[in-house]
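Engineer: Attaching a single structure in structure tokens format; questions to follow.
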Amino acid sequence: MTHAAYKRFVDEMVAVARRSVASDRILKNGHPVRTNERDLALSAEEAALKAIFARLNDEERATLARAIEEERASALHDFASFIEWAATADDMAIHWGAETFGSSPFASMHYDFICRLNGDEWENA
């Protein structure tokens, strides 16, 4: 059995982990705040956040962008752990495409997620 739906699900979680609007904004604009402030004024919180990032140098901004990316991956790892727990307890199953699955057919969903995030290939089971 190839477990294709499970693999696609975990791979999609990895893709989501690698996309961060906040990190992309920091790397592109130097801050994570929206850039349409001419159309709609920034809130006090947005302005304060933008001011904090304005005081940082490029290396510090890049470090914070990486920290945000790592925290995003950590949050998805925690979610995968929750899904694995719920599926193992028979409290849920996932319908992905035409297939239904519960817990990981391999090690665990959160382990599989981290392996794929780190670039490991799927095993052939």
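The values are calculated or read from the model by the stated rules, or taken from the named source; none is laboratory data. This structure is a prediction, so every number in the text was calculated from the model and none was measured. Don't worry about glycine lacking a Cβ; one is built from the backbone with ideal geometry, like all the others, and counts go over all protein chains shown. We work out accessible area using only protein heavy atoms, side chains counted, and drop any ligands, DNA or RNA first. Shrake-Rupley method; radii C 1.70, N 1.55, O 1.52, S 1.80 Å.
Engineer: I need the full set of residues from the stretch 7-39 which are closer than 30 Å to GLU123 by Cα, touching a helix residue (DSSP H, G or I) at 6+ places or on another chain (Cβ under 8 Å) and open to solvent by less than 80 Å² (accessible area, probe 1.4 Å), in order please.
Structural biologist: Listed by number, the residues that qualify are VAL10, ASP11, MET13, VAL14, VAL16, ALA17, SER20.
Engineer: With respect to the numbered conditions (1) surrounded by 11 or more Cβ atoms within 10 Å (Cβ to Cβ); (2) under 17 Å from TYR6 (Cα atoms), which one is the sole condition not fulfilled by GLY97?
Structural biologist: Here GLY97 meets the rest and fails (1).
Engineer: Exactly one condition in (1) among the charged types (D, E, K, R); (2) part of a helix (DSSP H, G or I); (3) open to solvent by 40 Å² or more (accessible area, probe 1.4 Å) is not met by ASP91; state its number.
Structural biologist: Status for ASP91: all satisfied but (2).
Engineer: Given the structure, is PHE113 out of contact with any Ser or Thr (no Cβ under 7 Å at 6 or more places or on another chain), of a type outside the set (Lys, Arg), assigned to a helix (DSSP H, G or I) and open to solvent by 90 Å² or more (accessible area, probe 1.4 Å)?
Structural biologist: Details: out of contact with any Ser or Thr (no Cβ under 7 Å at 6 or more places or on another chain): yes; of a type outside the set (Lys, Arg): yes; assigned to a helix (DSSP H, G or I): yes; open to solvent by 90 Å² or more (accessible area, probe 1.4 Å): no.
It is false that PHE113 is out of contact with any Ser or Thr (no Cβ under 7 Å at 6 or more places or on another chain), of a type outside the set (Lys, Arg), assigned to a helix (DSSP H, G or I) and open to solvent by 90 Å² or more (accessible area, probe 1.4 Å).
Engineer: Still on this structure, I have one more. Would you point out which residue out of GLU84, GLU71 is under 24 Å from ARG18 (Cα atoms) and without any contact (Cβ under 8 Å) to a residue 24 or more places away in the chain? Step through it out loud before you land on a result.
Structural biologist: Values: GLU84 fails: without any contact (Cβ under 8 Å) to a residue 24 or more places away in the chain.
Of GLU84, GLU71, the one residue that is under 24 Å from ARG18 (Cα atoms) and without any contact (Cβ under 8 Å) to a residue 24 or more places away in the chain is GLU71.
Engineer: Being in a helix (DSSP H, G or I), loosely packed, with under 11 Cβ neighbours inside 10 Å and out of contact with any Phe, Trp or Tyr (no Cβ under 8 Å at 6 or more places or on another chain) narrows it down to one residue among GLU121, GLU59; which is it?
Structural biologist: Details: GLU121 fails: in a helix (DSSP H, G or I).
Among GLU121, GLU59, only GLU59 is in a helix (DSSP H, G or I), loosely packed, with under 11 Cβ neighbours inside 10 Å and out of contact with any Phe, Trp or Tyr (no Cβ under 8 Å at 6 or more places or on another chain).
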